[in-house]
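The values are calculated or read from the model by the stated rules, or taken from the named source; none is laboratory data. Quantities reported herein were computed from a predicted structural model and do not represent experimental measurements. No Cβ is skipped: glycine too gets one built from the backbone with ideal geometry, and neighbour counts run over all protein chains shown. To get the accessible areas, we keep the full protein, side chains included, count just its heavy atoms, and leave off ligands, DNA and RNA. Shrake-Rupley method; radii C 1.70, N 1.55, O 1.52, S 1.80 Å.
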Amino acid sequence: MKHPTVQLRLEGEALERYKVKAAPRLEQAARLIAEAQKPLIYCGGGVILSGAERELAAFADLVDAPVVSTLMGLGAVPADNPRMLGMLGMHGNYGPNIRNQECDLLIAVGMRFDDRVTGNPAHFGANAKVIHLEIDPAEIGKIIPADVAVVGDVKRSLPLITERIRKRDHSQWIAGFRACDQIEYEAVIRKAVH
């Protein structure tokens with residue numbers, strides 16, 4: 001049996017009212033993105049549920065940020081996309097778990113934080129500002145405080161941020177994750193496969 005889902009799609013006048021109401025937070029988010037040297041995008045199942053895969057890809061390309069995922073967010077960014085670095089948390093990959101401590105901006109898109117990802121919340125992304133885009137306001141700030149909270153369907157809210165930012169270059173930041181991939185391969189994967 002297929003479970004019913006609720007689709008909150010703002011269109012027409014409702015979308016225009018949302019744009020006006022959310023504008024200050026969208027501008028704050030754009031400013032934090034412009035200032036960030038080590039941004040990390042953390043996507044969840046909300047991206048898939050809202051059908052915002054293309055919007056996320058366009059955003060990640062413009063920000064030039066690495067992308068990590070929750071379990072429910074796997075597939076929001078194809079595994080062969082060079083920005084996709086795997087999962088974060090207790091079942092995640094080495095690079096995202098080590099390097100999230102170094103990020104200066106964590107952009108949480110359509111996901112909720114839980115203890116299987118954060119461990120001790122006081123130490124999770126301790127050096128980062130947090131932008132949280134989420135449709136469920138109860139999830140924002142529940143475990144990890146958000147510096148900027150954008151409540152809404154990410155299919156609508158993410159493009160409103162994307163249109164406010166300029167192309168960035170964080171290739172050196174992304175390369176550091178790739179070095180961690182090699183460490184993980186040698187220490188874990190190679191032993192398991194060969």
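Evaluate region 17-32: report whether one residue or more is open to solvent by 60 Å² or more (accessible area, probe 1.4 Å), out of contact with any Lys or Arg (no Cβ under 8 Å at 6 or more places or on another chain), aliphatic (A, V, I, L, M) and at pLDDT below 95.
So far as region 17-32 goes, yes, one or more of its residues are open to solvent by 60 Å² or more (accessible area, probe 1.4 Å), out of contact with any Lys or Arg (no Cβ under 8 Å at 6 or more places or on another chain), aliphatic (A, V, I, L, M) and at pLDDT below 95.
Can you find, within region 67-88, the residue that is nearest to LEU49 (Cα to Cα) among those that are in contact with an Asp or Glu (Cβ under 9 Å, 6 or more places away or on another chain) and buried (at least 18 other Cβ atoms within 10 Å of the Cβ)?
Ranking the candidates gives ALA76 first.
Determine which single condition GLY51 fails, assuming it passes every other condition in (1) over 13 Å from the mean Cα position of the chain (by Cα); (2) open to solvent by 40 Å² or more (accessible area, probe 1.4 Å); (3) touching a residue at least 24 places away in the same chain (Cβ under 8 Å).
Of (1) over 13 Å from the mean Cα position of the chain (by Cα); (2) open to solvent by 40 Å² or more (accessible area, probe 1.4 Å); (3) touching a residue at least 24 places away in the same chain (Cβ under 8 Å), only one is false for GLY51: (2).
Give me the pairs, please: first residue somewhere in region 119-137 and in contact (Cβ under 8 Å) with a residue 24 or more places away in the chain and under 14 Å from PRO96 (Cα atoms), second residue anywhere and open to solvent by less than 10 Å² (accessible area, probe 1.4 Å) and not hydrophobic (A, V, I, L, M, F, W, C), beta-carbon distance under 6 Å, and either six or more positions apart or on two chains.
Qualifying pairs under 6 Å: GLY125/ASN100.
Would you check if ARG168 is more than 13 Å from the chain's Cα centre (by Cα) and either modelled with pLDDT of 90 or more or open to solvent by less than 40 Å² (accessible area, probe 1.4 Å) (or both)?
yes
Yes or no: ALA36 within 26 Å of CYS180 (Cα to Cα), surrounded by fewer than 16 Cβ atoms within 10 Å (Cβ to Cβ) and modelled with pLDDT of 90 or more? Give the steps one after another, and end with the answer.
Details: within 26 Å of CYS180 (Cα to Cα): yes; surrounded by fewer than 16 Cβ atoms within 10 Å (Cβ to Cβ): no; modelled with pLDDT of 90 or more: yes.
The answer is no for ALA36.
Check every one of the strands (runs of 3 or more DSSP E) wholly within region 105-163 and list those with 1 or more residues that are charged (D, E, K, R) and open to solvent by less than 50 Å² (accessible area, probe 1.4 Å).
Working: elements: 105-109, 129-134, 148-151.
Passing ranges, in order: 129-134.
Just give me the residues in region 89-104 being touching a residue at least 60 places away in the same chain (Cβ under 8 Å) and either closer than 17 Å to ASP147 by Cα or open to solvent by 10 Å² or more (accessible area, probe 1.4 Å) (or both), in sequence order.
Passing the criteria: ASN93, TYR94, ILE98, ARG99, ASN100, GLU102, CYS103, ASP104.
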